[in-house]
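The values are calculated or read from the model by the stated rules, or taken from the named source; none is laboratory data. Remember, predicted model here, so these are calculated numbers, not experimental data. Glycine gets a Cβ as well: all are built from the backbone with ideal geometry, and neighbour counts include every protein chain shown. Note: areas computed on protein heavy atoms with side chains; ligands, DNA, RNA excluded. Shrake-Rupley method; radii C 1.70, N 1.55, O 1.52, S 1.80 Å.
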Protein chains: 2
Amino acid sequence: MNDDQVNFPRRVTRSVRVGRLTLGSGFPVAVQSMTTTPTADVDATVAQIRRLAEAGADLVRLAVPTMADAEALGRIRRQVDTPLVADIHFNARLALATLDQGVDKIRINPGNVPADDDLFQVIDAAKARGAAIRLGVNSGSIMPRSKDTSPSGEGGPQGPGEGLTPETIPSQHSPQQIADRMVSEVLRYLDLFQSRGFRDLVLSLKASDVPTTIAAYRAVAVACDCPLHLGITAAGPREEAVLKSALGIGSLLAEGLGDTIRVSITGDPLIEVQTAVRMLEILHLRPLGGVEVLSCPTCGRCQVDLAPLAERLYLATRSIRRPLRVAVMGCVVNGPGEAREADLGLAAGKGFGLLFRHGRTGGEKIPENQLFDRLMAEIQKL
Amino acid sequence: MNDDQVNFPRRVTRSVRVGRLTLGSGFPVAVQSMTTTPTADVDATVAQIRRLAEAGADLVRLAVPTMADAEALGRIRRQVDTPLVADIHFNARLALATLDQGVDKIRINPGNVPADDDLFQVIDAAKARGAAIRLGVNSGSIMPRSKDTSPSGEGGPQGPGEGLTPETIPSQHSPQQIADRMVSEVLRYLDLFQSRGFRDLVLSLKASDVPTTIAAYRAVAVACDCPLHLGITAAGPREEAVLKSALGIGSLLAEGLGDTIRVSITGDPLIEVQTAVRMLEILHLRPLGGVEVLSCPTCGRCQVDLAPLAERLYLATRSIRRPLRVAVMGCVVNGPGEAREADLGLAAGKGFGLLFRHGRTGGEKIPENQLFDRLMAEIQKL
């Protein structure tokens with residue numbers, strides 16, 4: 001496969017600088033994640049940022065719920081060179097404080113940061129400092145409007161805690177209705193920011209529902225040229241979150257949308273970064289950086305115990321950082337074909353396997369119980 | 001969310017009957033998998049088919065490498081009511097034998113079943129018996145053409161084992177070139193079958209490379225109106241296979257392509273079916289059939305140990321077959337919002353959580369160490 005072959009022509013966007021990184025269609029799709037440490041715990045946060053960057057994160061976001069967290073950002077900023085994003089909710093004054101501390105980008109949630117004088121100060125400060133801003137709408141924090149569910153309805157952002165009483169609980173909305181609300185909310189803020197001369201904007205419109213998310217991004221993509229930050233919010237525990245993120249983020253990337261992605265998984269953010277990096281590799285949006293194990297699902301044709309071999313090989317090769325494709329195939333139907341495309345291939349017969357190196361086999365029949373060791377030895381040689 | 005809201009208008013296809021099931025755009029996207037037992041082992045195969053059907057498989061495919069496997073199909077057919085598909089490679093006469101045994105559909109691999117008199121007999125026999133045929137091309141079994149890599153090049157299907165010598169190893173092809181070869185191969189067979197008056201055809205064009213697969217399906221979708229069977233071949237061990245399948249199958253489904261899907265995972269096919277069913281649920285292509293756990297990725301705002309709680313809840317609710325959405329959220333940013341959309345919601349504070357039932361909270365602060373038990377008790381009540 002040629003990774004230089006562009007399969008998914010990207011939607012053309014403006015370019016937005018985030019520290020040393022640039023987001024937009026002229027640049028690679030960037031991977032990001034978010035720290036789970038209390039931001040004010042500078043040592044723990046710096047250590048986590050380094051782990052995430054080492055795994056392939058291009059930028060890292062941090063929660064800023066208090067002024068102590070905002071003030072910690074300067075000390076963190078001086079210890080890492082990864083571009084940093086401050087995550088702001090409810091309180092624009094926290095955003096001002098993080099800009100003072102030198103963050104490269106702030107994320108503002110239009111659903112809970114009102115469009116008032118404090119916000120105008122944030123826009124001007126970000127412009128003066130060359131920081132970017134993400135307008136990040138979430139389905140979970142857009143305001144319920146029980147009387148008026150049309151996207152054209154008036155009603156500005158409200159403070160936190162509102163909308164929790166029974167009378168403001170909205171009736172169930174369709175994915176398209178929720179997506180329309182999200183789009184109208186983000187575009188209203190986009191107009192506001194641009195009318196103040198600020199253009200270094202990235203947009204996100206995340207829902208926990210995948211079709212809602214896809215609908216929202218598709219709609220906003222044709223309404224502006226801002227880079228898009230893709231993600232599924234509250235995606236769940238690992239198994240569920242990987243599936244939802246791959247379905248939602250993947251389908252948008254395959255349509256050419258998306259300039260930075262964040263896979264959300266409840267748990268260690270390292271898994272988020274590893275998953276996001278692998279998604280981009282699979283879609284040829286980032287070069288392969290390790291060992292890819294291809295293996296067939298096995299069927300009634302297979303005459304070796306292939307699944308444990310493939311799983312063991314997969315686990316044993318996770319730490320190898322050299323790009324290599326290894327095919328482990330259970331029979332002759334696709335075995336030689338896949339082996340031909342891989343750097344190293346195995347096509348199994350009855351209780352044995354044939355090895356292929358770059359598509360060529362010496363014809364030696366390797367007994368089933370030696371296959372793992374031989375494959376690992378060959379991988380070490382390559 | 002309304003599941004009746006169609007987000008992904010389906011590509012319009014002809015309808016193809018497969019036993020009691022119909023495949024095509026007028027019908028739900030069907031889930032399929034493949035048995036891993038030796039087909040001639042009738043008891044083991046019947047037991048596995050039943051497990052797969054119970055988990056949500058709408059049709060099941062079986063390998064038929066030998067005449068003994070073909071002859072076992074009649075005994076299997078009489079013991080299960082799931083539509084059955086015989087997987088045929090290399091030898092059209094095996095296909096004839098499986099039709100005699102009453103299979104509902106056969107899969108033929110144009111890459112290794114030559115277009116000769118035996119194949120014409122298969123077409124006529126399938127027509128006489130009302131059986132459907134899938135023309136299933138795999139990137140691993142299309143013929144290498146070292147001298148001629150253009151899709152318009154001549155060169156019919158060849159037998160197995162050819163193409164393994166160094167001089168026939170193709171140079172590296174781009175995803176688009178491989179996709180073009182796959183499309184031209186399947187369309188050539190499609191013309192052949194239709195010219196003989198056979199129209200109950202489903203097509204698949206699977207590669208182990210995801211962009212190649214997407215390119216192949218996109219191209220074939222505009223060239224005919226046959227239902228499409230989606231899948232990524234040799235997708236690998238579970239973690240890798242889930243990611244590749246969700247990216248490849250998911251992006252095509254989100255474009256409206258695909259009438260039946262098979263998630264290929266090296267290992268127990270039950271996982272394939274569970275994953276495929278969940279993918280369709282997430283995309284609103286099948287109604288939710290169990291408990292969906294929404295949970296946030298946590299961040300520096302979160303003041304309870306949310307990840308183990310979410311994971312434990314996820315595992316504890318896998319066996320519940322009642323549709324229910326449970327949101328487990330770490331703070332007030334999206335917590336109340338997600339909780340509002342869920343049947344049962346938890347928004348965490350500092351060492352406690354607030355429960356929401358259908359969006360309403362009583363305001364009781366539940367201590368962190370009681371959250372799991374209280375959530376499970378509420379789920380039992382609902």
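For the structure I just gave you, tell me whether A:Ala246 is within 21 Å of A:Val16 (Cβ to Cβ), out of contact with any Pro (no Cβ under 8 Å at 6 or more places or on another chain) and assigned by TED's automatic domain parsing to the domain that holds A:Arg61. Criteria not met by A:Ala246. When each of B:Arg188, B:Arg199, B:Arg278, B:Arg218 is tested for being out of contact with any Gly (no Cβ under 8 Å at 6 or more places or on another chain), of a type in the set (Lys, Arg) and buried (at least 21 other Cβ atoms within 10 Å of the Cβ), the lone residue that passes is B:Arg278. Within this structure, A:Ile123 passes the test of being farther than 26 Å from A:Asp209 by Cα and among the β-branched types (Val, Ile, Thr). Pairs are defined by a Cβ separation below 8 Å, a sequence spacing of at least 6 or placement on different chains, a first member in the range A:117-128 that is farther than 17 Å from A:Val85 by Cα, and a second member that is of a type outside the set (A, V, I, L, M) and modelled with pLDDT of 95 or more; the pairs so defined are A:Phe120/A:Arg196; A:Asp124/A:Arg196. Here B:Lys350 does not fit the description of being open to solvent by 50 Å² or more (accessible area, probe 1.4 Å), modelled with pLDDT under 95 and over 26 Å from A:Lys206 (Cβ atoms).
Just name the residue that is most open to solvent (accessible area, probe 1.4 Å) out of those in the range B:281-309 that are charged (D, E, K, R) and under 30 Å from B:Phe352 (Cα atoms). Spell out how you get there, then give the answer.
Filtering the range B:281-309 for residues charged (D, E, K, R) gives B:281, B:286, B:292, B:301, B:305.
Now narrow it down to the ones that are under 30 Å from B:Phe352 (Cα atoms): B:292, B:301, B:305.
On the way: B:Glu292: 16, B:Arg301: 32, B:Asp305: 100 Å².
So the residue we want is B:Asp305.
Output the residues belonging to the range A:254-285 that are touching a residue at least 40 places away in the same chain (Cβ under 8 Å) and more than 13 Å from A:Val31 (Cα to Cα). Scanning the range A:254-285 gives A:Ala254, A:Glu255, A:Gly256, A:Leu257, A:Asp268, A:Leu283, A:His284. Scanning the range A:66-89 for residues that are in contact with a Gly (Cβ under 7 Å, 6 or more places away or on another chain) and open to solvent by 20 Å² or more (accessible area, probe 1.4 Å) yields a total of 1. Only one of the numbered conditions (1) open to solvent by 10 Å² or more (accessible area, probe 1.4 Å); (2) in a helix (DSSP H, G or I) is not met by B:Ser251, and that is (1). I'd like to check something: does the range A:303-315 contain any residue that is hydroxyl-bearing (Ser, Thr, Tyr) and farther than 30 Å from A:Arg10 by Cα? For the range A:303-315, residues hydroxyl-bearing (Ser, Thr, Tyr) and farther than 30 Å from A:Arg10 by Cα: present.
When the range A:265-274 is limited to residues that are within 8 Å of chain B (Cβ to nearest Cβ) and buried (at least 24 other Cβ atoms within 10 Å of the Cβ), the one that is nearest to B:Val210 (Cα to Cα) turns out to be A:Glu272.
Checked against the criterion of being in contact with an Asp or Glu (Cβ under 6 Å, 6 or more places away or on another chain), assigned to a loop (DSSP other than H, G, I, E, B), small (Gly, Ala, Ser) and buried (at least 23 other Cβ atoms within 10 Å of the Cβ), the range A:224-242 has at least one qualifying residue. The set of residues in the range B:37-60 that are within 14 Å of another protein chain (Cβ to nearest Cβ) and of a type in the set (Asp, Glu) comprises B:Asp41, B:Asp43. For the range B:277-301, the set of residues classified as at the interface with chain A (Cβ under 7 Å from one of its Cβ atoms) and either among the hydrophobic types (A, V, I, L, M, F, W, C) or assigned to a loop (DSSP other than H, G, I, E, B) (or both) consists of B:Met279, B:Ile282, B:Leu283, B:His284, B:Val293, B:Leu294, B:Cys296, B:Pro297, B:Thr298, B:Cys299, B:Gly300, B:Arg301, listed by residue number.
Number of residues in the range A:310-329 that are facing another protein chain (nearest Cβ under 10 Å) and open to solvent by 30 Å² or more (accessible area, probe 1.4 Å) equals 5.
Per this entry, B:Val332 is counted among residues that are modelled with pLDDT under 95, more than 30 Å from A:Leu309 (Cα to Cα) and buried (at least 19 other Cβ atoms within 10 Å of the Cβ).
The set of residues in the range B:353-382 that are touching a Leu at 6+ places or on another chain (Cβ under 9 Å), open to solvent by less than 50 Å² (accessible area, probe 1.4 Å), farther than 29 Å from A:Ser174 by Cβ and not in a strand (DSSP E or B) comprises B:Gly363, B:Leu371, B:Phe372, B:Met376. Return the residues of the range B:257-314 that are closer than 28 Å to B:Val60 by Cα and in contact with a Cys (Cβ under 8 Å, 6 or more places away or on another chain); say none if nothing qualifies. Matches in the range B:257-314: B:Ser264, B:Thr266. Across the range A:153-179, the qualifying residues are those that are open to solvent by 40 Å² or more (accessible area, probe 1.4 Å) and touching a helix residue (DSSP H, G or I) at 6+ places or on another chain (Cβ under 7 Å), and the one among them that is modelled with the lowest pLDDT is A:Leu164.
Restricting the range A:21-35 to residues that are assigned to a loop (DSSP other than H, G, I, E, B) and in contact with a strand residue (DSSP E or B) (Cβ under 9 Å, 6 or more places away or on another chain), which is surrounded by the most Cβ atoms within 10 Å (Cβ to Cβ)? Let's see the steps before the verdict.
Quick first cut of the range A:21-35, residues assigned to a loop (DSSP other than H, G, I, E, B) only: A:24-29, A:35.
Filter once more, keeping what is in contact with a strand residue (DSSP E or B) (Cβ under 9 Å, 6 or more places away or on another chain): A:24, A:27, A:29, A:35.
Numbers: A:Gly24: 21, A:Phe27: 18, A:Val29: 23, A:Thr35: 26.
For the range A:21-35, the residue satisfying everything is A:Thr35.
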